[in-house]
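Everything below concerns the one structure shown next.
Each reported figure results from applying straightforward, stated rules to the coordinates on display, with no laboratory input. Just so you know, these numbers come straight off a predicted model, no measurement behind them.
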């Protein structure tokens with residue numbers, strides 16, 4: 001029985017590795033006892049040689065691929081740099097675009113119909129105040145002068161001319177405001 005086990009193991013071993021069938025039992029024991037002998041036999045097996053050859057072929061293919069990749073390295077770095085510059089430029093242009101849009105909105109706001117109506121109303125009130133202040137100054141100036149100098153016709157004519165121009169501008173503005181309120185003013189969007 002003791003003999004059957006080693007022969008059974010020997011039979012299975014030679015079935016899996018027919019290259020070892022020519023080795024005797026003593027050679028197999030030496031193979032297990034001596035690591036150098038084991039390595040020599042192991043590396044002489046066709047499967048191991050094929051494995052090492054496949055490994056060498058893969059290594060060679062990887063080396064070729066690596067060399068090809070390295071050949072593209074400078075171009076890739078240049079493209080990366082150009083892409084980064086283009087991206088940075090685009091970001092700068094985008095920021096500038098936002099600034100220009102803001103400026104455009106501010107400019108357009110000055111021509112918005114509601115803003116223009118507000119300006120017209122303020123200008124109308126300011127014009128009325130200016131003409132009234134000029135009239136009051138004329139009346140107060142001639143009445144409050146401790147040593148009244150008689151007004152000449154030229155002084156009165158100059159005041160009347162100036163006052164008429166001030167009131168004319170005021171009434172034009174009132175007229176435009178009334179037209180606007182009546183819906184007679186149309187704003188084009190072009």
Check your understanding: Can you give the relative contact order of the chain as a percent, counting alpha carbon pairs under 8 Å and 6+ residues apart?
Key -> 15 percent
Exercise for review: Work out, in µm²/s and without decimals, the Stokes-Einstein translational diffusion coefficient of the chain at 37 °C, 0.692 mPa s, Rh from Kirkwood over C-alpha pairs.
Suggested key: 113 µm²/s
Point to revise | Solvent-free Debye scattering, log10 I(q)/I(0), computed from the Cα coordinates of segment 111-182 at q = 0.15, 0.21, 0.25 Å⁻¹ | key: -0.60, -0.88, -1.08
Check your understanding: Once every DSSP H run of n ≥ 4 in the chain is given -39500 (n - 2.57) and the sum is divided by its residues, what mean residue ellipticity at 222 nm do you get, rounded to the nearest 500 deg cm²/dmol?
Key -> -30000 deg cm²/dmol
**Study point:** Net lengthening on full extension, residue 91/residue 161 (0.36 nm per residue, minus Cα-Cα)
**Key:** 19.2 nm
